[in-house]
Ligand SMILES: N[C@@H](CCC(=O)N[C@@H](CS)C(=O)NCC(=O)O)C(=O)O
């Protein structure tokens, strides 16, 4: 379902946006979204509201209450679960900080690479898979 009044400001390849997309998918939300790389009007309203071009940012428009701009992927995920979760809790992909996830995957790859000394660098698929998971719908 498309929740009325919510718009996600994002751009492609943004790891932190991937975290929000993962939460939205888990909750069955089809968030309205604006890519600030191609939508100059979105970029300028984001800049005017937050003073930055950092994404993700969720614009929340509530009838009679104006609009609110929610930055920080973790806060957006918390808001989505609190509003639409019906008691559900965020899954691993949306709870983990993407940079931590990538670092853990890279350390695991180095460890496997050192221990198993494989002839083909398959352990490096780990960070690639982690990165791909975060980029979904980015
Ligand atoms: N702590 C923020 C980090 C957001 C962040 O670093 N976003 C990157 C893209 S993934 C960004 O917009 N960088 C460009 C900028 O800050 O101008 C969050 O969790 O939302």
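Taken together, the values in this text are just the output of simple stated rules run on the coordinates, not laboratory data. Keep in mind it's a predicted model, so treat the numbers as computed, not measured. Note that we place each Cβ from the backbone using ideal geometry, even for glycine, and neighbour counts take in every protein chain shown.
Return a yes/no flag: does region 115-130 have any residue that is within 15 Å of the ligand (Cβ to nearest atom) and either under 20 Å from residue 16 (Cα atoms) or loosely packed, with under 14 Cβ neighbours inside 10 Å (or both). Checked against the condition, which is being within 15 Å of the ligand (Cβ to nearest atom) and either under 20 Å from residue 16 (Cα atoms) or loosely packed, with under 14 Cβ neighbours inside 10 Å (or both), region 115-130 yields at least one hit.
Does region 83-103 include one or more residues that are more than 14 Å from the ligand (Cβ to nearest atom), free of Cβ contacts under 8 Å to residues at least 24 places away in the same chain and under 21 Å from residue 132 (Cα atoms)? Yes: region 83-103 contains one or more residues that are more than 14 Å from the ligand (Cβ to nearest atom), free of Cβ contacts under 8 Å to residues at least 24 places away in the same chain and under 21 Å from residue 132 (Cα atoms).
Residue selection: residue 40 satisfies the criterion of being on the phi < 0 side of the Ramachandran plot, exposed (fewer than 14 other Cβ atoms within 10 Å of the Cβ) and out of contact with any strand residue (DSSP E or B) (no Cβ under 7 Å at 6 or more places or on another chain). Restricting the first member to region 54-79 and to residues that are touching a residue at least 24 places away in the same chain (Cβ under 8 Å) and farther than 23 Å from residue 37 by Cβ, and the second to residues that are in a strand (DSSP E or B) and more than 14 Å from the ligand (Cβ to nearest atom), the beta-carbon pairs closer than 9 Å and six or more apart or on different chains are 62/68. Is there a residue in region 41-60 that is closer than 23 Å to residue 88 by Cα and away from the ligand (no atom under 12 Å from the Cβ)? Yes, because at least one residue in region 41-60 is closer than 23 Å to residue 88 by Cα and away from the ligand (no atom under 12 Å from the Cβ). Of the residues making up region 17-34, those that are closer than 16 Å to residue 69 by Cα and either in contact with a helix residue (DSSP H, G or I) (Cβ under 7 Å, 6 or more places away or on another chain) or within 13 Å of the ligand (Cβ to nearest atom) (or both) are 17, 20, 31, 34. Being outside any helix (DSSP H, G or I) and within 12 Å of the ligand (Cβ to nearest atom) is a description that does not apply to residue 78.
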